[in-house]
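The structure appears below as C-alpha cells.
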Ligand SMILES: Cc1cc2nc3c(=O)[nH]c(=O)nc-3n(C[C@H](O)[C@H](O)[C@H](O)COP(=O)(O)O)c2cc1C
Ligand code: SF4
Ligand code: SF4
C-alpha cells in the first residue's frame, strides 16, 4: 500500500508513479489529516510512505498521522522522501518511529523534486523543474525494484547532516518559522474557495469571500501555491515570485 502526504503535488506524483509501477493501492493521508480521522489500514504488500522533507525531517503533520495510525498485515515499511535539496538525517528519526509502530524499517529513499518553499526561497525555473522531475521519474523503476523484492533500500550517502543538529534546528524552525500570520490575500482573490479545499489542516475559512487563517499552519505551501489567481502573499517575501504547484498525474484520466 502506498500512502502519501503532499502539500504542493511532488510527493503525490511520486506516490502515484510508485503505485502504478507496483500495481498497488494508493492512499492519500491528506484526506485523513483533513478529516481529523485516525488511519486504520491493512496491507498484504509492504507499506510505502511518501512525503516531503520539512527542515530535514519528516513533516510533523505526517509524523502524527503515522504514529497515531494502525498498520496491520505486512510489517515492512519503506519511506520515500521528496525534497528540494536533501533529507538530512531524516532516516535516523524514521527508524525510531518505525520501532514505535513495531514495523520493520526498510530504509528511506531520497527523491529530489522542485523546491516548493516559496515563503523562504525561489522555486526553480520551468526548465529546471522539468529536468528535476525527469530525473526523479528515472528513479521510480529502481525504487520499485527494492520494494517488489522486499529488500532494504541502500543506506543514504555521506551528505547527511548529523542527527543532533536537526534535533535542535527542527523544533526552533517550527517554533519561530512556521506561522500563518504572514499570509494575506490580495484584490486578485475571486473567493473561489480553492485554498480552503487544499489546506490539509483545515486552517482556512472564507470570511466575506476572502481566506481567513486560524493559526494552525504547517507551512505546506498548498494555499499560496495552489491558488489559481495567485492571490495569496506571505509577508513581502513572495511578491513577484513565481509559485510552484505540480498538477501532473500518473493516474489514468
Ligand atoms: C516547510 C518546508 C520545509 C522544507 N524543508 C526542506 C528541507 O529541509 N530540505 C529540502 O531539501 N527541502 C525542503 N523543503 C522542500 C520540499 O521538501 C520539497 O519541495 C517537496 O518535494 C515538496 O513536496 P510536496 O509538493 O509533496 O509538498 C521544504 C518545504 C517546505 C514547505
Ligand atoms: S484560492 Fe485564491 S482566489 Fe480562491 S479564495 Fe483562496 S485566495 Fe481567493
Ligand atoms: S494555511 Fe496554507 S500553508 Fe498553512 S497548512 Fe494550510 S494550506 Fe498549508
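Couple of notes before you dig in:
- Taken over the alpha carbons of segment 12-106 as equal point scatterers, the Debye sum produces base-10 log I(q)/I(0) values at 0.12, 0.13, 0.17, 0.18 Å⁻¹ of -0.35, -0.42, -0.75, -0.85.
- Rounded tilt (10° steps) of 126-148 against the dominant C-alpha axis of the chain: 30
- Overall size of segment 178-234 from C-alpha positions, given as principal axis extents largest first: 25, 17, 17 Å.
- The calculated FRET efficiency for residue 131 paired with residue 208, based on their beta-carbon distance and R0 = 41 Å, is about 0.45.
- Seen against the Cα atoms of the chain and their longest principal axis, helix 90-100 is set at about 70 degrees.
- Cα long-axis angle, helix 163-172 against the chain (0 to 90 degrees, to the nearest 10): 30
- Residue order, fewest to most beta carbons within 10 Å, for 108, 172: 172, 108
- With viscosity 0.692 mPa s and temperature 37 °C, the Kirkwood radius over alpha carbon pairs of the chain converts through Stokes-Einstein to a diffusion coefficient of 175 µm²/s.
- Estimated from helical segments only, the mean residue ellipticity of the chain at 222 nm is -9500 deg cm²/dmol, where each DSSP H run of four or more residues counts as -39500 (n - 2.57).
- Both radii were evaluated on the Cα set of segment 117-253; the Rg over Rh quotient, with Rh as the Kirkwood radius, amounts to 1.04.
- From the C-alpha gyration tensor of segment 48-146, square roots of 5λ in Å: 26, 16, 10
- Computed on segment 2-164, with alpha-carbon pairs under 8 angstrom and 6+ residues apart, the relative contact order is 22 percent.
- Virtual spin-label span in nm between residue 20 and residue 237, 7 Å along Cα→Cβ: 3.4
- Take the Cβ atoms of residue 181 and residue 60, set R0 to 30 Å, and the FRET efficiency comes out at 0.95.
- Rel. contact order, % - alpha carbon contacts under 8 angstrom, at least six apart, segment 1-84: 35
- Separation of alpha-carbon centers, segment 110-153 and segment 196-252, rounded to whole Å: 22
Taken together, the values in this text are just the output of simple stated rules run on the coordinates, not laboratory data. Note that the structure is a prediction, hence the values are computed from the model and not measured. Heads up, the Cβs are rebuilt from the backbone with ideal geometry, glycines too, and the neighbour counts pull from every protein chain shown.
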